1. So is residue B:230 assigned to a helix (DSSP H, G or I) and without any contact (Cβ under 8 Å) to a residue 24 or more places away in the chain or not?
2. Regarding region A:66-78, can at least one residue be identified that is under 22 Å from residue A:190 (Cα atoms) and either in a helix (DSSP H, G or I) or of a type in the set (D, E, K, R) (or both)?
3. I'd like the residue in region B:16-33 that is without any contact (Cβ under 8 Å) to a residue 60 or more places away in the chain and either more than 8 Å from every other protein chain (Cβ to nearest Cβ) or touching an Asp or Glu at 6+ places or on another chain (Cβ under 6 Å) (or both) and, out of all such residues, is farthest from residue A:72 (Cα to Cα).
4. How about region A:27-65: which of its residues are assigned to a loop (DSSP other than H, G, I, E, B), touching a residue at least 60 places away in the same chain (Cβ under 8 Å) and not polar (S, T, N, Q)?
5. Of all residues in region A:108-141, count the ones that are closer than 22 Å to residue A:34 by Cα and not in a helix (DSSP H, G or I).
6. For region B:1-119, list the helices (runs of 4 or more DSSP H) that sit wholly inside it and hold at least 1 residues that are modelled with pLDDT under 75; which are they?
7. Do any helices (runs of 4 or more DSSP H) entirely within region A:142-256 hold 1 or more residues that are in contact (Cβ under 8 Å) with a residue 40 or more places away in the chain and surrounded by fewer than 21 Cβ atoms within 10 Å (Cβ to Cβ), and if so, which?
8. Scan B:158, B:146 and give me the residue that is modelled with pLDDT of 95 or more and either surrounded by fewer than 22 Cβ atoms within 10 Å (Cβ to Cβ) or more than 23 Å from residue A:102 (Cα to Cα) (or both).
Amino acid sequence: MNAVVTASGLSKHYKNTAALDNVSFTIPSGRIVGLIGPNGAGKTTALKAILGLTPFDGQLSVMGMDPRTDRNKLMEQVCFIADVAVLPRWLKVRDAVDFVAHIHPRFDRAKCEALLKRTKLTPDQRVKQMSKGMIVQLHLALVMAIDARLLVLDEPTLGLDILYRKQFYQNLLEDYFDEDKTIIVTTHQVEEIEHILTDLMFIRDGKIVLNTEMEAMGERFIELMVGADRADAARALRPIDERTVFGKSIFLFDGVERARLEALGETRRPSVSDLFVATMKGTYA
Amino acid sequence: MKTLAPKSSSLTNMYWLVKREFWENRGGFLWAPVITGGVFLLLNLMGIITAEVLGARHGIHFGASGELSNVMSRMDAGDMSKVGMVLDVAMYSSMALITVVLGFVVFFYCLGALYDDRRDRSILFWKSLPISDTGTVLSKVLSATVLAPAIAVVVGLVAGMAQLLMVAITLSFHGVNVWQLLMQAHPFRVMGNLLGYIPVYVLWALPSAGWLLLCSAWARSKPFLWAVALPVATGLLITWFGIMGLFNLPSTWFWKEIVLRGLFSVFPGGSFTANTGSGHALVINDGDGLDVMNLGQSWAAMTTANLWIGVAIGIGLIVGAIWFRRWRDDS
């Protein structure tokens, strides 16, 4: 297995709180990993550590490099879109392409220009004249034209309307992602990315509370829908979550045999957001 | 493997980094001197018109009877060189105004250079590219101490020549030969002197630029306040408690050599104070004309300890700015 990111005993403390608390994980190549967690759980800190933007304790290797000491070399292989609207307001489309073309050794100018042609952006347009959605289009065109091995996305679609959000992920999947590339993405709009993820990581209070491949997740977690008459029988199997929809009870089970559940009612794979809510119960309490 | 852009060297990187600074600061680097030059020319034009109008109203027709041209024709070589000197000074005078503006531009550029992009978070875009923090900070030092003054010099020269032309044309209406006059000026010498001063300026401005960049990279908010308040507050404390007395120095030494030198060395011309301070008085040699800006004069600062101590401190401050640029994590 070809690991892109390997973390062991990764910790980061801000004054009294631990943003990352002795975290260990491995991200292999060719994956799309969703790093999901409530606000303040340590997602952004983890990404910043990977990008060498913040000091940390413990071991962290990104493509064999230490982000603290090899950052300049590392950034030839790593791209990131941190949030929308971090492009400087004075920048022109033309200048942005020019600049990255001359600064980045792995930038493919023709590809970037082809991507920009698909948008309404014009070469003389400045970032301050663009809508949030257009800024992301520009940023994405720049990033997708870079032949990087790791792409880090931190809330890349925050504040965009649904058209831009769908287009964003569609572009990434169709014209960028392949088995040599790895994408790590954090977002609160879990429903929109769950079908593209290959791996799922839940983070809470600086700890990884769930780290699974999407396929394995479907094996391990099962959602069961039963009528009121069988609710007690289902409860006896100790679900991790329970809710009621239209008079039916929906239970979420962790590691209970599928056959036993199917005997009680209708089973299905839980959505990532339901699993998330169940896992994070009591976070803000 | 797809075909990729040619591998970039650190030199082309630096070129593009400086270009980026120019894109971002076109207003300060280019338009501020251009507008200042324009205003300067406009003021001159208004002055000439006023003089003409007043002259006409009071019946002073100097030159009409050929008096002025008579005066010119009676001048000997020495007198003519003085005319040239006056014209040169006229050219420098356009530069003087632009220089003051340049000082402000560089001062505030340095204060914002490593702060503004942290505030609007665009630092996250720049940091997503393979640019070293050393390269970034050095490109800002270069932009402040070389690019900005070079543009100002060019603009100042254009304004100076335009002004010269304006005066000459006015005089020609009064019967004075324009070209004879203009030939007495030394535009190339002026240009050489001004451009030649830039290396001195770079070195002299280094501690100031370094201090302002350090504050810019370090401050979580209000870099201006930190940059100014810190030395001034220290100065007040030192004055109050007479601490400099311990080193047998007056408090004014601290104000002059630390506060003023640290904050305002980005204003061009400061290095001349070092010359006078160390016994190199300004020499106004009659034979050479008033060539105060000659390179011998301006480069005399290179022999002073003041300049080189400042350079050493400036380098230290810039290293600090690079460190904060690398590790300051607040966006």
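The values are calculated or read from the model by the stated rules, or taken from the named source; none is laboratory data. Given the structure is predicted, the values throughout are model-derived calculations rather than measurements. Reconstructed Cβ throughout: ideal geometry from the backbone, glycine too, with neighbour counts over all protein chains shown.
1. On the way: assigned to a helix (DSSP H, G or I): yes; without any contact (Cβ under 8 Å) to a residue 24 or more places away in the chain: yes.
So residue B:230 passes the test.
2. no
3. Taking region B:16-33 first, the residues without any contact (Cβ under 8 Å) to a residue 60 or more places away in the chain are B:16, B:19, B:23-24, B:26-27, B:31.
From what is left, the residues that are either more than 8 Å from every other protein chain (Cβ to nearest Cβ) or touching an Asp or Glu at 6+ places or on another chain (Cβ under 6 Å) (or both) are B:23, B:26-27, B:31.
Values: B:23: 24, B:26: 28, B:27: 31, B:31: 34 Å.
Only one residue fits best here, namely B:31.
4. We begin by selecting, within region A:27-65, every residue assigned to a loop (DSSP other than H, G, I, E, B); these are A:29-31, A:37-42, A:51-56, A:63-64.
If we keep only those that are touching a residue at least 60 places away in the same chain (Cβ under 8 Å) too, we end up with A:29-31, A:37-38, A:41-42, A:51, A:63.
The answer is A:30, A:31, A:37, A:38, A:41, A:42, A:51, A:63.
5. 0
6. Details: elements: B:10-24, B:32-57, B:67-74, B:77-113, B:116-119.
By residue number, B:67-74, B:77-113.
7. Details: elements: A:162-175, A:190-193, A:214-220, A:231-235.
Hits in region A:142-256: A:162-175, A:190-193, A:214-220.
8. Working: B:158 fails: modelled with pLDDT of 95 or more.
None of the other options fit; the residue is B:146.
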